[in-house]
1. If the elastic network links every pair of Cα atoms under 10 Å, which of ASP258, ASP391, ASP399 fluctuates the most in the Gaussian network model of the chain?
2. Among GLU307, GLU261, which comes first, second and so on when ranked by fewest other beta-carbon atoms within 10 Å?
3. Identify which of VAL315, VAL186, VAL281 has the largest mean-square fluctuation in a Gaussian network model of the chain, with springs joining Cα atoms closer than 10 Å.
4. Could you tell me which chymotrypsin sites (Phe, Trp or Tyr not before Pro) in segment 1-99 are loop residues by DSSP with no more than 14 other beta carbons within 10 angstrom of their beta carbon?
5. Tell me what the chain gives for mean residue ellipticity at 222 nm when only DSSP H runs of n ≥ 4 count, each as -39,500 (n - 2.57), the sum divided by the residue total, rounded to 500 deg cm²/dmol.
6. Counting only pairs 8 or more residues apart or on different chains, how many lysine pairs in segment 2-203 have their Cα atoms under 19 Å apart?
7. Any idea how far the Cα center of segment 215-276 sits from the one of segment 1-70, in Å?
8. What Kirkwood radius, in Å to one decimal, follows from the Cα pairs of the chain?
Amino acid sequence: TAIYADIEQKDEAINAFITLNKEQALAAAEQADQIGYGSDAPVLNGIPLAIKDNILTEGLRTTAASKMLENFVPTYDATVIAKLKAAGAIIIGKVNMDEFAMGGSNQTSYFGPVHNPWDLERVPGGSSGGSAAVVASQQVPGALGTDTGGSVRNPAAFNGLVGMKPTYGTVSRLGVISFGSSLDQVGPLTHTVADNALLLEVIAGHDEGDSTSLPTEQYDFSSKIGQDLKGMKIAFPKEYKVDSINTEIRQRMQEAADFFESQGATVEEVSLPHSVYGINVYYIIASSEASSNLQRYDGIRYGYRSEAAQTLEEVYVQSRSEGFGDEVKRRIILGTFSLSAGAFDLYFKKAAQVRTLIKQEFQAVFDQYDLIMGPTTTSTAFLIGGKETKDPVEMYTADLLTVNSNLTGLPAISIPAGLDQAGLPIGLQLMAKAQDEATLYQVAHAFE
Ligand code: GLN
């Protein structure tokens, strides 16, 4: 009850919650109280969490922040939700995001923008902007987001939080509304590294309901936390030191590199020449996969149906025209074009080829190094409705530093690296070999 009173007070200015789960949550809290907090209690017993609104929750509205799913109430829980509930967590409510997770600043939501708790005139990042804002404003201690091209790490960076995009296949996608199926992963947002590792341990693990899920049944992400960094080899690519990255962010990265060296790690400059094309590749592949995934919103099976439609064709066309926002339509058009017979070889196929080159390049660095470091974002949180948000292409370039982890499937974490002179948080991004989240958490913890 106290949490909901707090939310009522804080969230009016932030606009992070779309749907509250009061009744179910209070019942779950009572149950958690009965179990108590002894050593045999489930690991998250009684812990209140918020969930991005593209993750299905049984009996609780799930909108993907779209008019298309404004009244959609799922009949089952996503695997991650079932796992959280089994671990005793309490789902406080569903939080705002960019529509269908398409965006990097939480400004494409049907339910309006989310305001960054550090400065209400600024964006919280995206697309998991609500997930970050509720944690940063201390409404809940943790939240789940999804990351297709940076959507957990970018808002973590803009809100001074820890955000993890695990290795592709670590967390089940069953019951997660699909955007780019070869890129999507669920990840936690928290204040501390240890909390993050714990949450990820709970939601990770093989799921036969997701054919891309890795075979590992149970993960240990926490055991290296507290170990020192002696002998660790860290690569700092020169592509992550360029002028298009804000000077204060670059300074903070150099300080982080110096810190790692002071702890006994070595930091060396490497080059990832194809990494700069990641952004082009990502927007072709993500949009292509989205155009295919979003075909299911046809106004018939579920979702919004236009009142005005008379014929079958009109049901499709008008329901989609009225139900989707501009950014979602832009992606569907872009993706459909990239996959069309005349454009396929030039766009989708080329993008898939360059994706392979990028993977090989990262692989070559990881043959010699344990980690790659760099900034999470090129700037700190910008103004809602500001000039950089007017041009979609400029918005897309903001994902420059995060998309490669999705394209390669490799794990990446964003951790707080201090504030800039305006008092806004800066994020440090660390990337590791596949299934080496434990090292990410180890190094992240040493830095915090
Ligand atoms: N900002 C990126 C995009 O707009 C990433 C989104 C995401 O990771 N869901 O596609």
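No lab work stands behind these numbers, since they all come straight from the coordinates. What you see is a predicted model, and the numbers here were worked out from it, not measured in a lab. As a convention, Cβ positions derive from the backbone with ideal geometry for all residues, glycine included, and neighbour counts pool all protein chains shown.
1. ASP391
2. GLU307, GLU261
3. VAL315
4. Those that pass, being in a loop and sparsely packed, are TYR37, TYR76.
5. -11000 deg cm²/dmol
6. 15
7. So the two Cα centres are separated by 35 Å.
8. The answer is 21.8 Å.
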